[in-house]
Amino acid sequence: QVQLVESGGGLVQPGGSLRLSCVISGSIDSRMAWHRQAPGKQRELVARITSYGTTIYADSVKDRFTISKDNAKNTVYLQMNSLKPEDTAVYYCNNWGMGYWGQGTQVTVSS
């Protein structure tokens, strides 16, 4: 059974940083992504990483967020720096190769 479990969300002040983690259990490929959904808005892609380590980012987070993975730990990370109030959302880990999703972790950016 495949499970994706996110952690690392919380409340942070504007300009602060958070690192989200997604621990993967079960057999899946390594095409992973982070998405987010703010209240009243559609879920959107934040960052994606391929099996080869190639990354893409939404324009709104480029140069602030970094997606990475540690295959030995079966974990995908999202390092978020220079956070803004508009980054407030539930963040979801996704295996885009096979369609699995985590349960989400709340990130709130507020003073």
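Quick check for me: using +1 on Lys/Arg Cβ and -1 on Asp/Glu Cβ, what's the dipole size of the chain about its Cα centre, in debye to the nearest 20?
Computed charge dipole of the chain: roughly 20 debye.
For Ile56, what is the net charge nearby, where nearby means another residue's Cβ is under 11 Å from its Cβ and Lys, Arg count +1, Asp, Glu -1?
+1
Going by amide H atoms built from the backbone, whose H comes under 5 Å of the H on Leu83, apart from near neighbours?
Sorted by chain and number, the residues that satisfy this are Gly15, Gly16.
If the cut-off is a Cα-Cα distance under 19 Å, which aspartates and glutamates reach Lys41, setting aside same-chain residues fewer than 8 apart in sequence?
Asp59, Glu86, Asp87
List the chymotrypsin sites (Phe, Trp or Tyr not before Pro) within the stretch 16-83 that DSSP assigns to loop and that have no more than 12 neighbouring Cβ atoms inside 10 Å.
Answer in residue order: Tyr52.
When a/c reaches 1.5 or more, the comparison of a/b and b/c decides; with that in mind, is the chain rounded, prolate or oblate per its Cα gyration tensor?
Prolate.
Going by average Cβ neighbours within 10 Å, how do the peptides 37-43, 10-16 rank, with the highest at the top?
10-16, 37-43
Cut-off under 17 Å on the C-alpha distance; same-chain residues fewer than 8 positions from Lys69 excluded. Which aspartates and glutamates are left, in chain and number order?
Here the aspartates and glutamates satisfying the reach criterion relative to Lys69 are Glu6, Asp29.
If I take R0 = 30 Å and measure r between the Cβ atoms of Ser60 and Gln1 in this structure, what FRET efficiency does the formula 1/(1 + (r/R0)^6) give, to the nearest 0.05?
After rounding, the FRET efficiency stands at 0.30.
Could you tell me whether the stretch 6-46 comes out rounded, prolate or oblate from its Cα gyration tensor? Rule is a ≥ b ≥ c as square roots of the eigenvalues, rounded for a/c under 1.5, then prolate if a/b exceeds b/c, otherwise oblate.
Taking the square roots of the gyration eigenvalues as a ≥ b ≥ c, the stretch 6-46 is oblate.
Values in this text are rule-based calculations from the coordinates and carry no lab data. Owing to the predicted nature of the structure, the values given are computational and were not obtained by experimental measurement. Quick reminder, even Gly has a Cβ in these numbers, built from the backbone with ideal geometry, and neighbours come from all protein chains shown.
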